[in-house]
Amino acid sequence: HALIIWALFTSLATFMQSEWLRKELTPTLKLRLPFSKLSITRYILTLALSYTLFFLLVDGIALLRFATFSAKTVLALIAFRLTLVTIGYTFALLSKSALGLYQLSLLCMSLLFFTSGLLLAVPDSVRYLHPLVALDTASVSVWLILAPAWFLLLLRKEVRYV
């Protein structure tokens with residue numbers, strides 16, 4: 001259960017950290033990007049990759065503490081982190097204000113907590129829709145495919161209509 005509790009707290013931290021993306025896409029901050037060598041898409045993807053690598057470093061330390069270290073657990077942790085990061089960044093693209101992002105994040109965290117199986121038994125049909133299933137090395141979460149695709153579509157839409 002310690003790994004699930006850690007996963008819930010790291011999910012909340014990831015969702016709250018994604019506010020940088022919402023701030024970077026405000027009209028006043030977009031004014032400086034034409035004077036940069038990077039396009040807005042490349043800038044956002046570079047920062048997203050940097051934050052993801054930092055989170056993976058911290059996740060590696062947590063993996064050493066809470067689970068046995070193997071290639072399967074490392075791959076499961078990478079899948080879990082990619083799922084969380086892309087869901088968090090998608091929330092940031094969808095929200096228009098910091099308060100909206102925090103409300104959406106807390107709503108998602110409430111749903112994650114109650115469907116995680118910590119308090120109540122959860123049917124398998126709900127369990128496989130849960131992003132925490134990415135930590136289970138025997139299965140893959142559908143969010144690992146849906147979240148990155150949704151994030152890239154929203155990012156492309158945001159850049160196109162600016």
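The values are calculated or read from the model by the stated rules, or taken from the named source; none is laboratory data. From a predicted model like this one, the values you see are computed outputs, not experimental measurements. Every residue, glycine as well, gets a Cβ built from its backbone with ideal geometry; the counts of neighbours run over all protein chains shown. Areas reflect the complete protein model, heavy atoms only, side chains present, ligands, DNA and RNA absent. Shrake-Rupley method; radii C 1.70, N 1.55, O 1.52, S 1.80 Å.
Numbers below:
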item	result
Residues within the stretch 16-45 that are more than 18 Å from Leu101 (Cβ to Cβ) and open to solvent by 40 Å² or more (accessible area, probe 1.4 Å), tallied	11
Tabulated pairs, the stretch 57-72, first closer than 16 Å to Leu8 by Cα and modelled with pLDDT under 85, second hydroxyl-bearing (Ser, Thr, Tyr) and surrounded by 11 or more Cβ atoms within 10 Å (Cβ to Cβ), C-beta under 6 angstrom, 6+ apart or interchain	Ala67/Thr73
In the stretch 46-61, the residues that are open to solvent by 40 Å² or more (accessible area, probe 1.4 Å) and not hydroxyl-bearing (Ser, Thr, Tyr)	Leu47, Leu49, Leu53, Phe54, Leu56, Leu57, Val58, Ile61
Unmet criterion (only one of (1) crowded, with 16+ Cβ neighbours inside 10 Å; (2) not in a loop (DSSP other than H, G, I, E, B)) for Leu107	(1)
Filter pass, Leu21 being more than 23 Å from Cys108 (Cα to Cα) and under 17 Å from the mean Cα position of the chain (by Cα)	no
Selection from the stretch 72-89 of residues that are β-branched (Val, Ile, Thr) and farther than 14 Å from Ala48 by Cβ	Thr73, Val74, Ile78
Of the criteria (1) surrounded by 12 or more Cβ atoms within 10 Å (Cβ to Cβ); (2) hydroxyl-bearing (Ser, Thr, Tyr); (3) without any contact (Cβ under 8 Å) to a residue 24 or more places away in the chain, which one Thr83 fails	(3)
